[in-house]
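Here is the structure we will look at, set down as structure tokens.
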Amino acid sequence: MDPAGSEQDLETKEQYASVYVGREEDIKRSERITAVVHDREVVIFYHKGEFHAMDIRCYHSGGPLHLGEIEEFDGRACIVCPWHKYKITLETGEGLYQSINPKDPSAEPMWYSKGIKQRIHTVTVDNGNIYVTLSKEPFKCDSDFYATGLFKVIPSFF
Ligand code: FES
């Protein structure tokens with residue numbers, strides 16, 4: 001047995017253990033809360049009967065998403081970052097933008113996706129309690145930059 005390997009396994013296991021963040025009724029009432037889940041700051045929204053958790057700092061430049069407004073664009077609920085108004089879907093973390101074909105003056109502006117930019121985490125409701133489990137998705141997400149390293153809210157050496 002490799003002791004270093006097993007220690008790393010344990011760390012990984014702990015990092016992805018779900019964390020209690022609050023009571024269901026309280027979060028439904030406030031419609032959003034912030035929490036620190038294994039040193040990663042997240043925001044949890046309650047919107048139209050569903051909970052959504054994502055990295056709290058906007059993938060663009062680290063803006064505070066917990067202070068943004070939720071609006072619908074192209075039928076998709078988005079948090080609008082208060083700093084530069086980027087729109088991020090609550091469900092998938094995609095960055096949405098509107099565009100037209102400049103060569104076609106009659107074209108209607110259309111909504112497009114930049115792909116997943118904000119890391120989404122899993123929310124679980126159990127017996128009136130809300131838990132968040134950090135995303136294990138192996139892709140590099142732009143919001144990781146502001147959720148780790150120098151921008152991390154709680155440095156790991158404390
Ligand atoms: Fe969020 Fe710029 S920091 S839009």
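The table for this structure:
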{"item": "Yes/no for Glu137 being under 17 Å from the mean Cα position of the chain (by Cα) and either surrounded by 13 or more Cβ atoms within 10 Å (Cβ to Cβ) or assigned to a loop (DSSP other than H, G, I, E, B) (or both)", "result": "yes"}
{"item": "Residue among Trp111, Trp83 that is within 16 Å of the ligand (Cβ to nearest atom), modelled with pLDDT of 95 or more and either surrounded by 13 or more Cβ atoms within 10 Å (Cβ to Cβ) or in a strand (DSSP E or B) (or both)", "result": "Trp83"}
{"item": "Some residue of the range 5-28 being away from the ligand (no atom under 16 Å from the Cβ), within 14 Å of Arg119 (Cβ to Cβ), touching a strand residue (DSSP E or B) at 6+ places or on another chain (Cβ under 7 Å) and at pLDDT below 95", "result": "yes"}
{"item": "The range 48-71 - residue that is in a strand (DSSP E or B) and either exposed (fewer than 15 other Cβ atoms within 10 Å of the Cβ) or of a type in the set (Lys, Arg) (or both) and, of those, farthest from the ligand (Cβ to nearest atom)", "result": "Glu50"}
{"item": "Candidates Ile116, Ile33, filtered to the one that is under 27 Å from Asn129 (Cβ atoms) and either in contact with a strand residue (DSSP E or B) (Cβ under 6 Å, 6 or more places away or on another chain) or among the aromatic types (Phe, Trp, Tyr) (or both)", "result": "Ile33"}
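The values are calculated or read from the model by the stated rules, or taken from the named source; none is laboratory data. This is a predicted model, so every value here is computed, not measured. Every residue, glycine as well, gets a Cβ built from its backbone with ideal geometry; the counts of neighbours run over all protein chains shown.
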